[in-house]
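Scroll down for the structure; my scribbles are underneath it.
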Amino acid sequence: MIRGGDTTVRVVNRTREILLGDKVRTTGTFLSRLVGLLGTTAIAVGEGLWIVPCRSVHTLGMRYPIDVVFHDARGVVVGILEGVPPNRVGRVFRGARGALELPSGILSATGTVPGDRLEFEGGGAA
């Protein structure tokens, strides 16, 4: 289970009308973006971390793989990374405004691909 953060959002892939997460924690400070999911032992289905601004992520020090969705300022998916294992540095997605870290396998299960539009409900805007 992810920790911290008193602001959560619900994330829906509007192109496919499917829920990606209903307990997605936001990162409101530099420190919360820097720490991210470090120190957690797992991320449950429905949970996630929304990092804004963000064009690249790493899994250095993490204990489990994650899926990552990169989106532009309009919520359009500009790139995805599936099943990123621990201790990797991801590529930079130019044009990305934010990243959504999710449980590994959720992108395949939901059919989320570049070009899809995400909607973030509650807690703040992209």
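The values are calculated or read from the model by the stated rules, or taken from the named source; none is laboratory data. Fair warning: this is a prediction, and the values are worked out from it, not measured in the lab. Backbone-built Cβ (ideal geometry, glycine too); neighbour counts: all protein chains shown.
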Do the conditions hold for Gly28, that is, is it on the phi > 0 side of the Ramachandran plot and more than 13 Å from the chain's Cα centre (by Cα)?
no
Scan segment 34-49 and give yes if some residue there is surrounded by fewer than 17 Cβ atoms within 10 Å (Cβ to Cβ), within 22 Å of Thr15 (Cβ to Cβ) and more than 14 Å from the chain's Cα centre (by Cα), otherwise no.
no
Near pairs, Cβ below 9 angstrom, 6+ apart or cross-chain, from segment 97-112 (more than 12 Å from Val11 (Cα to Cα)) to any residue that is hydroxyl-bearing (Ser, Thr, Tyr) and buried (at least 18 other Cβ atoms within 10 Å of the Cβ)
Ile106/Thr112
So the check is Cβ under 7 Å with 6+ separation or different chains; which pairs have a first residue in segment 65-77 that's farther than 15 Å from Val113 by Cβ and without any contact (Cβ under 8 Å) to a residue 40 or more places away in the chain and a second one that's assigned to a strand (DSSP E or B) and among the β-branched types (Val, Ile, Thr)?
Pro65/Val84; Ile66/Val84
Name the single residue, out of those in segment 9-30 being surrounded by fewer than 16 Cβ atoms within 10 Å (Cβ to Cβ) and basic (Lys, Arg), that is nearest to Pro53 (Cα to Cα).
Arg14
Within segment 6-39, count every residue that is at pLDDT 80 or above, under 20 Å from Pro65 (Cα atoms), of a type in the set (A, V, I, L, M, F, W, C) and not in a strand (DSSP E or B).
3
Which numbered condition trips up Arg3, out of (1) modelled with pLDDT of 95 or more; (2) touching a Gly at 6+ places or on another chain (Cβ under 8 Å); (3) of a type outside the set (A, V, I, L, M)?
(1)
Of everything in segment 57-91, what is surrounded by fewer than 16 Cβ atoms within 10 Å (Cβ to Cβ) and among the hydroxyl-bearing types (Ser, Thr, Tyr)? Give them in sequence order.
Tyr64
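A quick yes/no check of all residues on (1) over 23 Å from Glu17 (Cα atoms); (2) modelled with pLDDT under 95; (3) touching a helix residue (DSSP H, G or I) at 6+ places or on another chain (Cβ under 6 Å):
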| residue | (1), (2), (3) |
| --- | --- |
| Ala42 | yes, yes, no |
| Val68 | no, no, no |
| Arg74 | no, no, no |
| Glu82 | no, no, yes |
| Leu102 | no, no, no |
